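A.B. asks: The structure follows.
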C-alpha cells in the first residue's frame, strides 16, 4: 500500500468544526455551556477556540519510539481551549482541572532544564515547552496568549498531554500568524514531551491527533513521519470505541516507561553489534529479517529482558499489518483478537499493567459484544480501550463499570467507562 505524505497545509488549514466535549455516551454533543464558562473565565465574549482531540491506538503499542508502524485515531473526547492575544505580552494559562495560573514571558522562558528547576506547576511545562520551541521556528518574536482549557477525562492514557500541547501550539500560531504544517505540529508536541516533560515518547500521539479523520484509522509510518487514512471495510458492522478508566493516573516520567524505551534501544544495539552492523539506536532501524532470525534462533546473546522487548516490537509490527488487512475487510473479530494479543504481549514482553488495569482488561474481554481490548497509552495504570458492537455498547459500558466498581470499591468514585467515536483532528473553531 503506498504511503501518503502528510499535507503541507499550515495552521490556516485547520477546519472550523466543533463536535463537543463528549460525555458518558461520548457522541459529539453540544458544549455551549462549556464555551460560555471558558469565555467568562477568560474575560471575553469572543475568544478564539481550539478543539484538540484525545486519541486511541488499537494496535501498535510501544513501538512508535522504536520507529515501528502504528494505528491510531482521534476521538470525540477532546480538549477545548479558549484563547486571545495577551494584553500585556505575557502568556497566562489556566485550566479547569488544575488550580492557579501559569504566567510567563516567552522571551524569558530559558531552557527546559531551567524551567524544570524553577519549580511551579508541572502542568505549565507543556505550555512553556510549546512556546519555547515555537520561538525557535517563528520568523518573528511571538506575542503571548491568554488561554483557558477544559477537557473530558484529563489524564489516564488517552494522550491528554499531547492534546493540550497541540492546543497551545495552535493558539500561539493563530495569534501570531505563524503558518505551521502538520509535521511541525507533530514535532513540536513530541519535543515538548521529550525535552520539557522528560517522557521518551514517539510521534503516535500527536500524529493521531493532528491527522485524525472521522470513520478512519491512521496508518502511521513513524520512520518517515507520514500517515495514510484507512477507510473501514464496506461490510464493517457498526461499532463504538469503549474507554474504561481505572480512576488511577501516573506521571509517565515517574513510571518505568523511559527505562523500557532505553531497554529497546539496548536490544537494538546488542543485535547490531552481534551482526557486525554500525551504530543503531532503534529496533526499527534494524533489518526485519535479522530481528526475526535472532528471536527464532534464540542465540543467547540477548539478555532475557532485552529479548522480551525485541520480541514485543517485532510481533507488534506484524500485528499492525494484520490489523490493517482486517480493518479494510471489515473483520472486527480478527481485529479484536489482534488487540487482545497486543495486550498480552504488552503485559508479558513489555511488562506493563497494574493489578487494577489487568483486571479491568479481563472484565472488558469477557463482556458480551466486545470484539477485543488492550491497555491504552503507556499501560501502567489509567485506561483500557476496546471495540464493541453498537447494539451492545451501552449494556457493555454499564456492565464493565459496575463489575470493576464491585471489585475495587475504593476506586469506584473515580473509575468510569464511556463510549466515543473516531473524530476529525486538531482544528480551530
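A.B. asks: Scanning for something at pLDDT below 90 and more than 24 Å from residue 58 (Cβ to Cβ), does segment 238-251 turn up at least one residue?
C.D. replies: For segment 238-251, residues at pLDDT below 90 and more than 24 Å from residue 58 (Cβ to Cβ): present.
A.B. asks: Out of all the residues in segment 275-312, which are over 22 Å from residue 200 (Cα atoms) and outside any loop (DSSP other than H, G, I, E, B)?
C.D. replies: 288, 289, 290, 291, 292, 293, 294, 295, 296, 297, 304
A.B. asks: Please list, ordered by first then second residue, the pairs with beta carbon atoms under 6 Å, 6 or more apart or interchain, first in segment 75-91 and free of Cβ contacts under 8 Å to residues at least 60 places away in the same chain and at negative phi, second surrounded by 18 or more Cβ atoms within 10 Å (Cβ to Cβ) and assigned to a loop (DSSP other than H, G, I, E, B).
C.D. replies: Listed by first residue and then by second, the contacts come to 90/144; 91/144.
A.B. asks: For the list (1) touching a residue at least 12 places away in the same chain (Cβ under 8 Å); (2) more than 23 Å from residue 338 (Cβ to Cβ); (3) not in a strand (DSSP E or B), I need the number of the one condition that residue 396 fails.
C.D. replies: Residue 396 satisfies every listed condition except (2).
A.B. asks: Here is a follow-up. Tell me, please, whether a residue that is within 30 Å of residue 267 (Cβ to Cβ) and modelled with pLDDT of 95 or more can be found in segment 73-82.
C.D. replies: Checked against the condition, which is being within 30 Å of residue 267 (Cβ to Cβ) and modelled with pLDDT of 95 or more, segment 73-82 yields at least one hit.
A.B. asks: Another question about this same structure. Report whether or not residue 121 is assigned to a helix (DSSP H, G or I) and either modelled with pLDDT of 95 or more or over 14 Å from residue 195 (Cβ atoms) (or both).
C.D. replies: Spelling it out, it is not the case that residue 121 is assigned to a helix (DSSP H, G or I) and either modelled with pLDDT of 95 or more or over 14 Å from residue 195 (Cβ atoms) (or both).
A.B. asks: Of the residues that make up segment 70-82, is at least one under 29 Å from residue 283 (Cβ atoms) and out of contact with any helix residue (DSSP H, G or I) (no Cβ under 7 Å at 6 or more places or on another chain)?
C.D. replies: Yes: one or more hits.
A.B. asks: Of the numbered conditions (1) surrounded by fewer than 21 Cβ atoms within 10 Å (Cβ to Cβ); (2) in contact with a helix residue (DSSP H, G or I) (Cβ under 7 Å, 6 or more places away or on another chain); (3) at pLDDT below 95; (4) under 16 Å from residue 157 (Cβ atoms), residue 354 satisfies every one except a single condition; which is it?
C.D. replies: Single failed check for residue 354: (2).
A.B. asks: Can you list the helices (runs of 4 or more DSSP H) found entirely within segment 130-249 that contain at least 2 residues being farther than 22 Å from residue 336 by Cα, in contact with a strand residue (DSSP E or B) (Cβ under 8 Å, 6 or more places away or on another chain) and touching a residue at least 12 places away in the same chain (Cβ under 8 Å)?
C.D. replies: Hits in segment 130-249: 160-176, 204-211.
The values are calculated or read from the model by the stated rules, or taken from the named source; none is laboratory data. Everything numeric here is computed off the predicted structure, so don't read it as measured data. Neighbour counts run over all protein chains shown; Cβ positions are idealised from the backbone, glycine included.
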